[in-house]
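Let me begin by presenting the structure, written as structure tokens, before commenting on it.
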Amino acid sequence: TRVLRPAGRLLAVLGVPLPDPAEDEVARALVPLAGLRDFRSDTAAALDEAAAAWSLTPVGTAWVEPVTMDYSPNAVADGIEQRLWSYLWTVDEPTWDAVVVPVVAAVRALPEPDRPRPYQLSSRLVVFATS
């Protein structure tokens, strides 16, 4: 808020939702990792709470136009092994071995692991205004 002008606007982009496990075989294989993602601070409720603490008022929400991307199980497994996602950065070795390694194996065991699967994503935008 210190850098916004009076009646200034702040645009926040909430985390990108994952595919629905009921509809996506890769997402089903990733379900055991869900407990590692619970710390996310960019939920709608957390964002509203933080904005209120800084006297920001929500003035609008929207969704970004959906984009379809392709990803293969092997590409997802590679990303996990490289710890590309921030929720994997601090996973300790016992948890990695017990939780993450079996998930990587399950993802790589999916049929046609090099075949791209379409994945549609859309981020939620929230606009806040200074009081």
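Values for this structure:
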{"item": "Fraction of accessible area attributable to carbon and sulfur, the chain (%, probe 1.4 Å)", "result": "59"}
{"item": "Under 17 Å from the Asp20 label point (7 Å along Cα→beta-carbon), backbone N, the range 90-118", "result": "118"}
{"item": "Surface per residue (accessible, 1.4 Å probe) for the chain, Å²", "result": "64"}
{"item": "Computed [θ] at 222 nm, helices only, for the chain once each DSSP H run of length n ≥ 4 contributes -39500 (n - 2.57)", "result": "-7000 deg cm²/dmol"}
{"item": "Label-point separation, Asp78 to Arg108 (7 Å along Cα→Cβ), nm", "result": "1.3"}
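The values are calculated or read from the model by the stated rules, or taken from the named source; none is laboratory data. The structure presented is a predicted model; accordingly, all values stated were derived computationally and were not measured. Because the Cβ atoms are built from the backbone with ideal geometry, glycine has one as well, and the counts that use them run over all protein chains shown. Protein only, heavy atoms only, side chains kept; ligands, DNA and RNA dropped before computing areas. Shrake-Rupley method; radii C 1.70, N 1.55, O 1.52, S 1.80 Å.
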